[in-house]
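One structure is given here, and the rest of the page talks about it.
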Amino acid sequence: MSLTDSITRAATPGAGDTARLQSALLAAITGEVRFDPISQALYSTDASVYQILPLGVVIPKSRDDVVRTVQVCREFGVSITARGGGTSQAGQAIGAGVQLDFSKYLNRVLTLEPDAKRVRVEPGIVLDELNAFLRPYGLQLPLDISTS
């Protein structure tokens, strides 16, 4: 029995297509591409009770990496699940296609307009880090979610 045998696996491309998908992603982006069993197991769950083994994981370093990942996955007919902190309590951060994990590189505040009470962030930012950034301006994003 392997590490991933007990995790739900949805219908996925054959091994040859999966290898071609991985190669295409490696050629297209500067970020990380992980299709190994350990990464699959790590990304098969979030804070929910659900487990779905992904085909692979992409950790983009830039917006261009995200665009190229979407293009490649579309070519191969593979779904994408966007993932921030992976703390969903209802399974939204897991999926059988490619996991797109923003937490490592795309986690910054991009712009702040304090007078307009507007902030633009990358998708991997954690709520507590955002609120720590906003605090000196007398601002906060008052959400009560599982990532805090």
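Just so it is clear, none of the values below were taken in a lab; they were calculated from the coordinates. Here the structure is a predicted model, which is why all the values come from computation and not from measurement. Cβ sites come from the backbone with ideal geometry, for glycine too, and all protein chains shown count toward neighbours.
Here are the numbers for this structure:
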{"item": "Estimated dipole of the range 51-123 in Debye, rounded to 20 [Cβ of Lys and Arg +1, of Asp and Glu -1, Cα centre]", "result": "80"}
{"item": "Local electrostatic count at K104 - Lys and Arg +1, Asp and Glu -1, tallied over other residues with Cβ under 9 Å", "result": "-1"}
{"item": "Cα-projected label distance for D36 with V126, points at 7 Å along beta-carbon direction, nm", "result": "2.4"}
{"item": "The range 15-101 - Rg and Dmax from Cα coordinates, angstrom", "result": "12.1, 35"}
{"item": "Inter-probe distance in nm under a simple model that places probes 7 Å from Cα toward Cβ, at D115 and V49", "result": "5.2"}
{"item": "Dipole magnitude of the range 15-101 about its Cα centre (Cβ charges: Lys, Arg +1; Asp, Glu -1), debye to nearest 20", "result": "120"}
{"item": "³J(HN,Hα), Karplus 6.51/-1.76/1.60, whole Hz, each residue of the range 36-41, x for Gly, Pro", "result": "7, x, 5, 5, 4, 5"}
